[in-house]
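The values are calculated or read from the model by the stated rules, or taken from the named source; none is laboratory data. Given the structure is predicted, the values throughout are model-derived calculations rather than measurements. All Cβ positions, even for glycine, are placed from backbone atoms using ideal geometry, and neighbour counts span all protein chains on display.
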């Protein structure tokens, strides 16, 4: 059976995926599909580290700027888009290339996960939303930890929509979301080449903090202010993303700027740790340690050898 080829680049935030992805795309005639759950939103550019169009060096990029911030986006929708894009890109004689750090999204495409809708319980959703508003995100997250600790470990306390969905699935089916994911067959749908970037943890944390400082210099505060001015409320899933939640709290006078930035850096470090944990459990990944950033050419050469060997 001739499966379509699919190149994938994963790794934690700030590890250096963007620069390498452009070089890889040009070397292997790729179209890039963003595997980032935040880059789908229009107007959320700086906080999502979205590569500006003028810096994409002519490489086609997909699944960026396809939704307004108040429109929901799910792993199932991401999967549907990819199932259309991958054969379309292949038919043009180009190599589909997913680049991103949202582990479940990437894995769901690589291994063809089937997601059961499990129905919906709107009153329960409203009840949990009201609970979070009254008692806080951490209290809602604690509810999930009681019934599904594996999902609670994977989901950030700010990810209210997915936490409520995990609680809803358990309420409706009696089965944990984590158990449903574990039961997936995990058989590769494509002829896969998955590259994972890793780095010394302390160095990665320094890069995360430096990147946040750069985002602030680029105008992250003004970007969040404009979103709020346009009526996108802090309760939206998109506005719960890293960078947006913290700066919105500062703009609303809840935190000082110093406290908001410190919280953002702390939560991004924790997010990167969860990303690495997720990817460590994925199979088929060829890991490349990019700690020695001055050896970029060697890292690129190593990656090219892996891809060429896989797709020879």
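Working only within the stretch 138-177, note down all residues that are more than 20 Å from residue 120 (Cβ to Cβ) and either assigned by TED's automatic domain parsing to the domain that holds residue 267 or not in a loop (DSSP other than H, G, I, E, B) (or both). Don't jump to the end; show me each part of the working.
Here is the first cut: in the stretch 138-177, the ones more than 20 Å from residue 120 (Cβ to Cβ) are 138-139, 141-142, 145-146, 149-150, 152-154, 156-158.
Within the stretch 138-177, 138, 139, 141, 142, 145, 146, 149, 150, 152, 153, 154 meet the criteria.
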Would you check if there is a residue in the stretch 205-222 being over 27 Å from residue 19 (Cα atoms) and in contact (Cβ under 8 Å) with a residue 40 or more places away in the chain? no
Expected single match for on the phi > 0 side of the Ramachandran plot and surrounded by 16 or more Cβ atoms within 10 Å (Cβ to Cβ) among 63, 95, 51, 85 is 63
State all residues of the stretch 1-36 that are at positive phi, surrounded by fewer than 19 Cβ atoms within 10 Å (Cβ to Cβ) and in contact with a helix residue (DSSP H, G or I) (Cβ under 9 Å, 6 or more places away or on another chain); if no residue qualifies, say none. 16
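Just wondering, is there one or more residues in the stretch 166-179 that are without any contact (Cβ under 8 Å) to a residue 60 or more places away in the chain, surrounded by fewer than 17 Cβ atoms within 10 Å (Cβ to Cβ) and on the phi > 0 side of the Ramachandran plot?
Quick first cut of the stretch 166-179, residues without any contact (Cβ under 8 Å) to a residue 60 or more places away in the chain only: 166-179.
Within this subset, residues satisfying the condition of being surrounded by fewer than 17 Cβ atoms within 10 Å (Cβ to Cβ) are 171-175, 179.
Narrowing further to those that are on the phi > 0 side of the Ramachandran plot: 174.
Scanning the stretch 166-179 turns up at least one residue that is without any contact (Cβ under 8 Å) to a residue 60 or more places away in the chain, surrounded by fewer than 17 Cβ atoms within 10 Å (Cβ to Cβ) and on the phi > 0 side of the Ramachandran plot.
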Looking at the stretch 215-239 only, could you name the residues that are closer than 17 Å to residue 258 by Cα and under 20 Å from the mean Cα position of the chain (by Cα)? 215, 220, 224
Contact list please: Cβ distance under 7 Å, first residue in the stretch 127-141 and in contact (Cβ under 8 Å) with a residue 24 or more places away in the chain, second residue surrounded by fewer than 18 Cβ atoms within 10 Å (Cβ to Cβ) and assigned to a helix (DSSP H, G or I), pairs at least six apart or on different chains. 140/131
When you scan the stretch 213-312 for helices (runs of 4 or more DSSP H) that lie fully inside it, which ones turn up with 3 or more residues that are at pLDDT 95 or above and in contact with a strand residue (DSSP E or B) (Cβ under 7 Å, 6 or more places away or on another chain)? 296-310
Taking the conditions exactly as written (assigned to a helix (DSSP H, G or I), in the same structural domain as residue 24 (by TED's automatic domain parsing) and closer than 21 Å to residue 37 by Cβ), does residue 192 satisfy them or not? no
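So is residue 15 in contact (Cβ under 8 Å) with a residue 60 or more places away in the chain and not in a loop (DSSP other than H, G, I, E, B) or not? Break it down stepwise before answering.
Values: in contact (Cβ under 8 Å) with a residue 60 or more places away in the chain: yes; not in a loop (DSSP other than H, G, I, E, B): no.
Spelling it out, it is not the case that residue 15 is in contact (Cβ under 8 Å) with a residue 60 or more places away in the chain and not in a loop (DSSP other than H, G, I, E, B).
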Among 44, 64, 24, which is farther than 27 Å from residue 244 by Cα, modelled with pLDDT of 95 or more and in the same structural domain as residue 305 (by TED's automatic domain parsing)? 24
If you check residue 247 against the conditions, is it surrounded by 20 or more Cβ atoms within 10 Å (Cβ to Cβ), touching a helix residue (DSSP H, G or I) at 6+ places or on another chain (Cβ under 6 Å) and outside the structural domain of residue 156 (by TED's automatic domain parsing)? yes
Go through the stretch 88-113 and give me each residue that's in a helix (DSSP H, G or I) and either more than 13 Å from residue 7 (Cα to Cα) or not assigned by TED's automatic domain parsing to the domain that holds residue 41 (or both). 88, 91, 103, 104, 105, 108
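Take the residues in the stretch 66-78 that are within 13 Å of the chain's Cα centre (by Cα) and surrounded by 18 or more Cβ atoms within 10 Å (Cβ to Cβ), then tell me which one is nearest to residue 32 (Cα to Cα). Talk me through it step by step, then tell me what you get.
Quick first cut of the stretch 66-78, residues within 13 Å of the chain's Cα centre (by Cα) only: 73-75, 78.
So of that shortlist, the ones also surrounded by 18 or more Cβ atoms within 10 Å (Cβ to Cβ) come out as 73, 75, 78.
Values: 73: 19, 75: 18, 78: 14 Å.
Of everything passing the filter in the stretch 66-78, 78 is nearest to residue 32 (Cα to Cα).
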